[in-house]
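First comes the structure, then the notes that go with it.
The values are calculated or read from the model by the stated rules, or taken from the named source; none is laboratory data. Predicted model, so just to flag it, every value in this text is computed and none were measured. Cβ coordinates were reconstructed from backbone atoms using ideal geometry, including for glycine residues, and neighbour counts include every protein chain displayed.
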Amino acid sequence: MPDLDFVGLGEETQQVFRPRFDEVVRRARRRRRWLAGLSALVVAVAGGGVAASLSVGTASRPDGSYRGSATSRVVAGDIWHLYQLTETCDTGGCRFHFAVSADRGVTWSLRPPPGPDTAYRQILSATNTTVVVAADSTRWVTVDAGRTWREGTLENRTTTQTDQFAYVDGAQVVLVRPGTGGLASVAAPQPLRQARSFEGGGALWMVGFARARGIRSVDLSTAVSGDFGRSWEVRRLPRDFGFLDFSSANGVDLYALYGVDHAFKVFASRNGGATWSATASIPVSFGGGGLLATRSGVLWLSTPDGLLRSTDGGRSFDRRGFPDIGPVGFDTSIDGMYVASTMGAYSRTWVSEDGQGWVETPR
Amino acid sequence: MDGETDLRAIYAASAGRLVAVLYALTGDFAEAEDAVHEAFARALSRPAQLRKVDSPEAWLRTVAMNVARTRFRRRVLLDRILHSGRLRRPESTPPISPDRIALAEAMQDLPRPVRECLVLHYIADLTIADVAAVQQCSVDAVKSRLMRGRRALAARLGDKEESRA
């Protein structure tokens, strides 16, 4: 008899849902304009006049810093290159873009994204001007910051230290070679189920389930490889349920974030994941969260209520310097620059060279 | 507090739960998000409607379910008109464990009243009496639908497990 875990289905779906209230605002605005246009038409027809124009809203004119409504977080290719998936809408409909900044977010260029118009897209990895994007189930690669795209195909070659983490695809862990965009699967078998890659201070890091019990996956663990995927070391995380994020700046001090019962719980390990201890529990509103461990020792925690900071290894958090900005997504470039960004129509982006102070890019 | 601030608070508290309900109903995560955002947009563009109701979340759930139902009917109708069989949009799945996705997919094969019954009771957390009120049927009919639904899902998922083994 299989386990009909409706509660688990509901809870997991809630956890992966990314709140986008700006999308609600955008739709409501369009709806009001449409209703206003319809009323004007009715009045014009009833009065025997001619409705000269039903133009309801105009497209924003992109200037150097305009990039539309963000549908993904900002991903950093290096200290200069930032990437984001965006869309702009007008009365003719919505268009999707691959937004590129080559000057750390000061100005942006909007380029056509890869794949069909209706595809669900995600930026999987970025290293300098080499970016891997998933459009539905197809992987696309650009080596010139989105000017041209080609479908990603796996090469039969050995992975080396030049390769960077691209994505985990079921049983395959795929790396990408910056500059050429060549994809290659690592040699060692993928040790985890339903794994996701994470920033982990240079080495390849994944989080996923170590084994299956019936149709359930259990034993949430980290897997780390310091030899480009030739071998993996698997270590258990402190618990399975409620996992939200994982971060490490040096591969030794690890942090894991869990969301349970309207609170975020932070766990820390000081020995590469051999042992874990609970460090902080922060009551939060319902929503997702993220962690960013930086080389300066500052740990940043994104919550639905804003960005929190810890300077004592995750034991306590304060809200210093950041007003209520809602949840942010973090990324770290290959050369060590940190990016924090929000999504939606009024998206904001901050960059940090040291992980301590943030500078907001022009909006 | 203005209408948008109120609705923002309701969104923060209940949008995730509503998306979970709609995902279980439609088996399509993008469609679920879309229907929920549409329901909130309707509430924001006509704030007076929401002020009249006792439970904003229940109202939003009903609107979102109606949006999803109408879209499904339109797609079926268009598909029938064009005889193409190709209009089915690729369903999007959330990044959750495969057994949850299998459960959501299996639910799509159930008759709509049975599926709604399961979702409202087990995921939206409505009591059996509340589900009966929403579905405008008796409490016994709800109990019967819950039992039939669970049995059908168990059989379907059991078959899948056996074929995997």
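Can you pull out the residues in region A:180-204 that are over 15 Å from residue A:170 (Cα atoms) and either charged (D, E, K, R) or modelled with pLDDT of 90 or more (or both)? If you could, list the steps in order and put the result at the bottom.
So in region A:180-204, the residues over 15 Å from residue A:170 (Cα atoms) come out as A:180-183, A:198-204.
Residues satisfying the conditions are A:180, A:181, A:182, A:183, A:199.
Which residue pairs have Cβ atoms under 9 Å apart, sit 6 or more places apart or on different chains, and have a first residue in region A:106-121 that is crowded, with 18+ Cβ neighbours inside 10 Å and a second that is among the aliphatic types (A, V, I, L, M) and modelled with pLDDT under 90?
A:113/A:119
Here is a check on your reading of the model: is residue A:145 aliphatic (A, V, I, L, M), in contact (Cβ under 8 Å) with a residue 40 or more places away in the chain, surrounded by 13 or more Cβ atoms within 10 Å (Cβ to Cβ) and outside any strand (DSSP E or B)? Can you show your working first?
Values: aliphatic (A, V, I, L, M): yes; in contact (Cβ under 8 Å) with a residue 40 or more places away in the chain: yes; surrounded by 13 or more Cβ atoms within 10 Å (Cβ to Cβ): yes; outside any strand (DSSP E or B): yes.
So residue A:145 fits the description; yes.
If you scan region B:1-50, which residues turn out to be under 21 Å from residue B:70 (Cα atoms), among the hydroxyl-bearing types (Ser, Thr, Tyr) and at the interface with chain A (Cβ under 8 Å from one of its Cβ atoms)?
Result: B:23, B:45.
Considering only region A:149-162, I want to know if a residue exists there that is surrounded by fewer than 19 Cβ atoms within 10 Å (Cβ to Cβ), under 21 Å from the mean Cα position of the chain (by Cα) and not polar (S, T, N, Q). Explain how you work it out, then say what you get.
So in region A:149-162, the residues surrounded by fewer than 19 Cβ atoms within 10 Å (Cβ to Cβ) come out as A:150-151, A:153-158, A:160-162.
Among the residues that remain, those that are also under 21 Å from the mean Cα position of the chain (by Cα) are: none.
The answer is no; no qualifying residue exists.
To keep it simple, each residue is scored yes or no on (1) among the aliphatic types (A, V, I, L, M); (2) out of contact with any helix residue (DSSP H, G or I) (no Cβ under 7 Å at 6 or more places or on another chain); (3) surrounded by 14 or more Cβ atoms within 10 Å (Cβ to Cβ); (4) at pLDDT 55 or above.
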site	(1), (2), (3), (4)
A:36	yes, yes, no, yes
A:47	no, yes, no, no
A:51	yes, no, no, no
A:81	no, yes, yes, yes
A:92	no, yes, no, yes
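Scan region A:229-287 residue by residue and report those that are under 26 Å from residue A:193 (Cβ atoms), surrounded by fewer than 15 Cβ atoms within 10 Å (Cβ to Cβ) and under 23 Å from the mean Cα position of the chain (by Cα).
A:241, A:260, listed by residue number.
I want to confirm something. Restricting to region B:123-134 and keeping residues that are free of Cβ contacts under 8 Å to residues at least 24 places away in the same chain and in a helix (DSSP H, G or I), which single residue is nearest to the chain's Cα centre (by Cα)?
First, the residues of region B:123-134 that are free of Cβ contacts under 8 Å to residues at least 24 places away in the same chain: B:125-133.
Applying the additional criterion that residues be in a helix (DSSP H, G or I) yields B:128-133.
Numbers: B:128: 17, B:129: 19, B:130: 16, B:131: 13, B:132: 16, B:133: 17 Å.
By that ranking, first place goes to B:131.
Within region A:245-274, work out how many residues are among the β-branched types (Val, Ile, Thr) and modelled with pLDDT under 95.
Our first condition is that a residue be among the β-branched types (Val, Ile, Thr); within region A:245-274, this holds for A:252, A:260, A:266.
Checking the rest, the ones that are also modelled with pLDDT under 95 come to A:252, A:260.
Result for region A:245-274: 2.
Among the numbered criteria (1) modelled with pLDDT of 95 or more; (2) crowded, with 17+ Cβ neighbours inside 10 Å, which single criterion is violated by residue A:317?
Going through the list (1) modelled with pLDDT of 95 or more; (2) crowded, with 17+ Cβ neighbours inside 10 Å, residue A:317 breaks only (1).
Report whether or not residue A:219 is under 21 Å from residue A:269 (Cα atoms) and either assigned to a loop (DSSP other than H, G, I, E, B) or modelled with pLDDT of 90 or more (or both).
Working: under 21 Å from residue A:269 (Cα atoms): yes; either assigned to a loop (DSSP other than H, G, I, E, B) or modelled with pLDDT of 90 or more (or both): yes.
Taking the combined requirement at face value, the residue satisfies it.
Residue by residue, here is whether (1) over 22 Å from residue A:332 (Cβ atoms); (2) free of Cβ contacts under 8 Å to residues at least 60 places away in the same chain; (3) not in a loop (DSSP other than H, G, I, E, B) holds:
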| position | (1), (2), (3) |
| --- | --- |
| A:245 | no, yes, yes |
| A:265 | yes, yes, yes |
| A:268 | no, yes, yes |
| A:274 | yes, yes, no |
| A:307 | no, yes, yes |
| A:313 | no, no, no |
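Does region A:334-351 include one or more residues that are in a strand (DSSP E or B), at pLDDT below 90 and among the β-branched types (Val, Ile, Thr)? Working first, answer last.
First, pick out the residues of region A:334-351 that are in a strand (DSSP E or B): A:338-341, A:344, A:349-351.
Those left that are additionally at pLDDT below 90: A:344.
Filter once more, so that each one left must be among the β-branched types (Val, Ile, Thr): none.
No, region A:334-351 contains no residue that is in a strand (DSSP E or B), at pLDDT below 90 and among the β-branched types (Val, Ile, Thr).
Any idea which of A:335, A:312 is surrounded by fewer than 21 Cβ atoms within 10 Å (Cβ to Cβ) and within 22 Å of the chain's Cα centre (by Cα)? First the steps, then the outcome.
Details: A:312 fails: within 22 Å of the chain's Cα centre (by Cα).
Only one candidate passes the filter, namely A:335.
Out of A:196, A:239, which single residue is charged (D, E, K, R), part of a strand (DSSP E or B) and under 20 Å from residue A:11 (Cα atoms)? Break it down stepwise before answering.
Details: A:239 fails: part of a strand (DSSP E or B).
Checking each option against the conditions leaves just A:196.
Is it the case that region A:123-130 has a residue that's outside any strand (DSSP E or B), of a type outside the set (S, T, N, Q) and at negative phi? It would help to see each step written out before you state the result.
Of all residues in region A:123-130, those outside any strand (DSSP E or B) come to A:128-129.
From the residues that got through so far, the ones that are of a type outside the set (S, T, N, Q) too are none.
No: zero hits.
Kindly list the number of the only condition in (1) modelled with pLDDT of 75 or more; (2) closer than 30 Å to residue A:134 by Cβ; (3) within 14 Å of another protein chain (Cβ to nearest Cβ) that fails for residue B:57.
(2)
Out of B:52, B:143, B:160, I need the residue that is modelled with pLDDT of 90 or more and either crowded, with 20+ Cβ neighbours inside 10 Å or among the charged types (D, E, K, R) (or both). Which one? Walk me through how you get there before you give the answer.
Details: B:52 fails: modelled with pLDDT of 90 or more; B:160 fails: modelled with pLDDT of 90 or more.
Just a single option satisfies the conditions, and that option is B:143.
So residue A:219 passes all but one of these: (1) within 14 Å of another protein chain (Cβ to nearest Cβ); (2) within 23 Å of the chain's Cα centre (by Cα). Which condition number does it fail?
Failed condition: (2).
Could you tell me which of the residues B:16, B:27 is on the phi > 0 side of the Ramachandran plot and either surrounded by 18 or more Cβ atoms within 10 Å (Cβ to Cβ) or not assigned by TED's automatic domain parsing to the domain that holds residue B:153 (or both)? Spell out how you get there, then give the answer.
Numbers: B:16 fails: on the phi > 0 side of the Ramachandran plot.
Sole residue among the options that is on the phi > 0 side of the Ramachandran plot and either surrounded by 18 or more Cβ atoms within 10 Å (Cβ to Cβ) or not assigned by TED's automatic domain parsing to the domain that holds residue B:153 (or both): B:27.
Of all residues in region B:101-122, which are in a loop (DSSP other than H, G, I, E, B) and within 11 Å of chain A (Cβ to nearest Cβ)?
Going residue by residue through region B:101-122, those that are in a loop (DSSP other than H, G, I, E, B) are B:108-111.
Listed by number, the list is empty, since nothing qualifies.
Scan region B:35-65 for residues that are closer than 23 Å to residue B:104 by Cα and either over 12 Å from the mean Cα position of the chain (by Cα) or aromatic (Phe, Trp, Tyr) (or both) and jot them down. Give the steps one after another, and end with the answer.
Residues of region B:35-65 closer than 23 Å to residue B:104 by Cα: B:35-39, B:57-58, B:60-65.
Correct list: B:37, B:38, B:39, B:57, B:58.
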